[in-house]
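Asker: One structure follows; several queries about it will come next.
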Amino acid sequence: KKLALPSSQSLSSNWLLKYELKRNKIKESDLEIITNFPHHQSVIYNVLNKRYDAGVTREYLLKKLNTNSTRIILYSDPFPTAPLVVTKNYPKEIIKEIKNAFLKLNPQNPDLLNLTKDFDNEFIHGFVEATDKEYDIVRRISK
C-alpha cells in the first residue's frame, strides 16, 4: 500500500504511475501513500527500512547492494538512459569529435571496463548511438 518512487520527473516514476498501473488496472487511489524522493537511493533506503512496501529504482543499484532483503517483482521494457544532447547551432565538427569519443567507449571495446572503472555506474557499460525510435517508450508513457 505504501509506494516509494524516484523524482516525479524521472522516467522510472512515470513508467510505473502512467503505464504499469494502468496496464494492471490499478488506480493511484488504490494505494495508501505514494511518495516521490529526489534520488533512487532514497527509494531503496526507505523500502529497506520498511517505511514503504515497494519502490521503483534502477536494477544496477539493487545489484550493487548484494542483499537478499529485496525482491524484484517487475521489470520495465528496456528504455534508453538520458541522452547526451547539444544545441542545433553548435559547430558540427565539434559535435562529431565529441560523439566519436563517446562511441569509442562502446560495449564491444575490450578495454571498456578498464576505461570506465571510475565512471558513474549508469555509464560504465559505454555508449551506443541511439535512434529517435528508441525513445518511443518515453512518448507512450508521457501520453
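Asker: Can you tell me which residue within region 12-38, out of those that are touching a Phe, Trp or Tyr at 6+ places or on another chain (Cβ under 8 Å) and among the β-branched types (Val, Ile, Thr), is most open to solvent (accessible area, probe 1.4 Å)?
Answerer: Going through the qualifying residues, I end up with 33.
Asker: Does residue 90 fit the bill of being under 20 Å from the mean Cα position of the chain (by Cα) and under 24 Å from residue 138 (Cβ atoms)?
Answerer: No, not satisfied.
Asker: OK, next. Could you check, for region 78-95, whether at least one of its residues is open to solvent by 50 Å² or more (accessible area, probe 1.4 Å), of a type in the set (A, V, I, L, M), under 24 Å from residue 2 (Cβ atoms) and not in a loop (DSSP other than H, G, I, E, B)?
Answerer: The answer is no; no qualifying residue exists.
Asker: Being open to solvent by 30 Å² or more (accessible area, probe 1.4 Å), within 17 Å of residue 73 (Cα to Cα) and not acidic (Asp, Glu) is the filter here; which residues of region 39-55 pass it?
Answerer: Listed by number, the residues that qualify are 47, 48, 50, 52, 54, 55.
Asker: Inspect region 98-120 for any residue being closer than 17 Å to residue 6 by Cα and either assigned to a strand (DSSP E or B) or without any contact (Cβ under 8 Å) to a residue 60 or more places away in the chain (or both) and give the result as yes or no.
Answerer: no
Asker: If you scan region 76-91, which residues turn out to be farther than 21 Å from residue 120 by Cα and either acidic (Asp, Glu) or in contact (Cβ under 8 Å) with a residue 40 or more places away in the chain (or both)?
Answerer: The answer is 76, 77.
The values are calculated or read from the model by the stated rules, or taken from the named source; none is laboratory data. Source: prediction; values computed, not measured. Cβ sites come from the backbone with ideal geometry, for glycine too, and all protein chains shown count toward neighbours. Just so you know, the surface numbers come from the protein's heavy atoms only, side chains and all, with ligands and any DNA or RNA stripped out. Shrake-Rupley method; radii C 1.70, N 1.55, O 1.52, S 1.80 Å.
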